[in-house]
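Computed from the coordinates by the stated procedures, all read-outs in this text should not be read as laboratory data. Quick caveat, the model's predicted, so the values are computed rather than measured. Cβ: placed from backbone, ideal geometry, glycine included. Neighbour counts: every protein chain shown.
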Protein chains: 2
Amino acid sequence: MKVCVVGAGAIGSLFAAHLAKVTEVAVLTRREEHARALNEHGLRVSGRHDFTARLTAATAAFDLPDFGLGIIATKATGLEAAAGSLEQRFPNATIMTVQNGLGAEDVVRRHGEWPLVSAVTFMSGTKHSDTHVEYILDTATWLGPYGDTPFERVQEIAGLLVDSGLRAEALPDLRPAQWSKLIFNATVNGVSALTGLPHDPHFAAEGDVSDLGHLVRELVEEGKRVAAAAGVDLRDDPWEMNVLATKRGSAHYPSMLEDVEAQRPTEVELINGALVREAERCDVPAPLHTALYRLVKAREASYA
Amino acid sequence: MKVCVVGAGAIGSLFAAHLAKVTEVAVLTRREEHARALNEHGLRVSGRHDFTARLTAATAAFDLPDFGLGIIATKATGLEAAAGSLEQRFPNATIMTVQNGLGAEDVVRRHGEWPLVSAVTFMSGTKHSDTHVEYILDTATWLGPYGDTPFERVQEIAGLLVDSGLRAEALPDLRPAQWSKLIFNATVNGVSALTGLPHDPHFAAEGDVSDLGHLVRELVEEGKRVAAAAGVDLRDDPWEMNVLATKRGSAHYPSMLEDVEAQRPTEVELINGALVREAERCDVPAPLHTALYRLVKAREASYA
């Protein structure tokens, strides 16, 4: 199964490099010099794994060979353009989305009838250059069918990822995992973007009444009530995910904090916005997540 | 009535310069060069009024002549030190506080038995240098008795302020005005500090569901429920204060936003913290103000 990875940030680079060890991989990037560098030097992985992969890169879908699996690994903010670039082509492809939040599949669906696979990934990396990514957390990617996609197709893709050296698991229903990460991300990314704190022990502190952990816990509880109303049994408790993550050695710098510090658009719509819209759809109050959503949107408005 | 103004930021400078036209004024500042400049050059007022006042400045209470009215015009964060510097001295003085929020009088009371006058001021100015303040909004200062202070004393002080060219009004009960400003400040300062937005039309926008005005309105409503439970009839509706202020030509830059941008301690405890504690005392839920309080505290924690 030939693969095309759209978007070569940290996550896209980790998928592309690993998969290139077991199949033919093309990468679709935005910048010419990025594509040129990948074609010339390959893509180096350091950290948990150590190798350099050879792959093909291009900046236009027109230049891509046909493929059986497309992985859209852009940020949520680049998703619409990425899906648009594949429109009316690659009829034999299955497309997999790995964006944070909810709703990425719907965006892709508007651009074509490909079978879709939903994924959430917990692996992490740091991109040191266009041709070098450090593999940091080797936690799993979970995949599930979206719409009519047969589960066997999902298992096949998960198998390919495992063969390539990544951790992956096919789940008949991805929503329990997707929602655990949604609630975790809406809470941690939102609070981090507004306070300037990386995901550090403040997020689990519940000593004094002014401590941030109280708010984090209330946001998680609110999110869990929305999940319950939406009929989703969470796979992991987002509060436990939070406590565990803050106990790691160095505090993670959430992407939404990086975005507001660089005055870039954030993924707030697919993360916090999606949770707020689900709450409304299910008629469950979510005042704290709604507040967070409006505050982050206002923070984006302050760039202008 | 001789006057001592403690703290010569914009508000303290406006009080000191105006009062120096009608009585003897001493200013207590933190920095030596500030005191020296005031003693040498006087204090210039521009904007609404235009004059230069002569006054005495010192950096130690020890060097101050006796006075009948002390105005503590530091920020909330400098209040403890300011009150401490007057301790066990000036037995004939009445002390007036003009800090934002609630609880300034209690801090001063811990340092002496002076009769106390509460004040909230709506005037504003910009300090261009240690010896030059621009008088921008010539709105009133409202004064009320605190504890056993006779109302006549409050009227006398209001009269002195009016004689000096400032707008002032003595009120038998300051709480309706104090709480209107408290709810306004807790909302606008908190939201501004977190979003980076000055107090601009976003704060009154209620078109889209993601618009910030919805949150501002909910924060105001929550604050009004706390005021009602505390037995306070608000003087002005904080939502109307908000709408009116955002319609002025140039957006006001709230001090709490200036503080977080300069990574200084904010006045969050006497403003948002005070409102949250009042809600708890009156057993009224205030989830949104509690969230704002914890987020601003966390923003302060991010400086380290």
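With R₀ set to 25 Å, the beta-carbon distance separating A:E24 from A:T126 gives a calculated FRET efficiency near 0.40. Per the Kirkwood formula applied to alpha carbons, chain A shows a radius of gyration over Rh ratio, Rg over Rh, of 0.96.
Which order, highest average first, do B:178-184, A:32-38, B:136-142 follow once you tally other Cβ atoms within 10 Å for each residue and take the mean per peptide? Each step should come with its number before you reach the end.
Details: B:178-184: 25.3, A:32-38: 16.7, B:136-142: 18.3.
Descending mean neighbour count gives B:178-184, B:136-142, A:32-38.
Excluding same-chain neighbours fewer than eight residues apart, the lysines reachable from A:K181 by a Cα-Cα span under 27 Å are A:K75, A:K127, A:K224, A:K247, A:K297, B:K297. Helix A:10-19 and the long axis of chain A differ in direction by around 40°, with both axes built from C-alpha atoms. Scanning chain B for the beta carbon that comes closest to the axis linking it by rotation to A yields B:L194, 2, distance in whole angstrom.
Between A:E169 and A:D236, what is 0.36 nm times their sequence separation minus the Cα-Cα distance? Round to one decimal in nm. Before the final figure, lay out the partial values.
On the way: separation 67, 0.36 × 67 = 24.12 nm, distance 1.51 nm.
Contour length minus the Cα-Cα distance gives 22.6 nm.
Highest mean first, the peptides B:279-286, A:20-27 sorted by other C-beta atoms within 10 Å per residue fall in the order A:20-27, B:279-286.
Of the GluC sites (Glu not before Pro) found in the stretch B:169-260, those in coil by DSSP whose Cβ has at most 13 other Cβ atoms within 10 Å are B:E206.
With the simple spin-label model, which puts each label point 7 Å out from Cα in the Cβ direction, the B:E113 to A:D63 separation comes to 8.7 nm.
On average, how much area does the Cα convex hull of the stretch A:3-170 cover when viewed from any direction, in nm²?
Details: hull surface 32.8 nm².
Convex hull of Cα atoms, orientation-averaged projection: 8.2 nm².
Using a cut-off of under 14 Å, list every residue of the stretch A:56-85 whose amide N is near the label point 7 Å from the Cα of A:E261 along the Cα-to-beta-carbon line. Counting backbone N atoms under 14 Å from the label point, the list is empty.
Where both residues lie in chain A, what percent of DSSP beta bridges are antiparallel, nearest 5? If you can, show how the numbers build up before the last one.
Numbers: 15 of 40 bridges.
That works out to approximately 40 percent antiparallel.
Evaluate E = 1/(1 + (r/R0)^6) for A:R36 and B:A251, where r is the Cβ-Cβ distance and R0 equals 35 Å; express this FRET efficiency to the nearest 0.05. Result of the calculation: an efficiency of 0.15. Gap in Å between the Cα centre of the stretch A:45-113 and the Cα centre of the stretch B:52-92? Centre-to-centre distance over Cα atoms comes out at 67 Å. Reducing the stretch B:242-287 and the stretch B:174-238 to their Cα centroids gives an inter-centroid distance of 8 Å.
Rounded to the nearest 10 degrees, the angle from helix A:175-195 to the longest Cα principal axis of chain A is 70 degrees. Remark on A:A168: its backbone amide H falls under 5 Å from those of A:T141, a criterion applied only to residues 5 or more positions apart or on other chains, H modelled at 1.01 Å from N.
Phi-derived couplings, Karplus 6.51 cos²θ - 1.76 cosθ + 1.60 at θ = phi - 60°, listed residue by residue for the stretch B:234-242: 5, 6, 10, 6, x, 5, 5, 4, 5 Hz, with x used for Gly and Pro. Note on A:E152 and A:S46: their simple-model spin labels are 4.4 nm apart, each label 7 Å out from Cα toward Cβ.
Helix B:287-301 and the long axis of chain B differ in direction by around 60°, with both axes built from C-alpha atoms.
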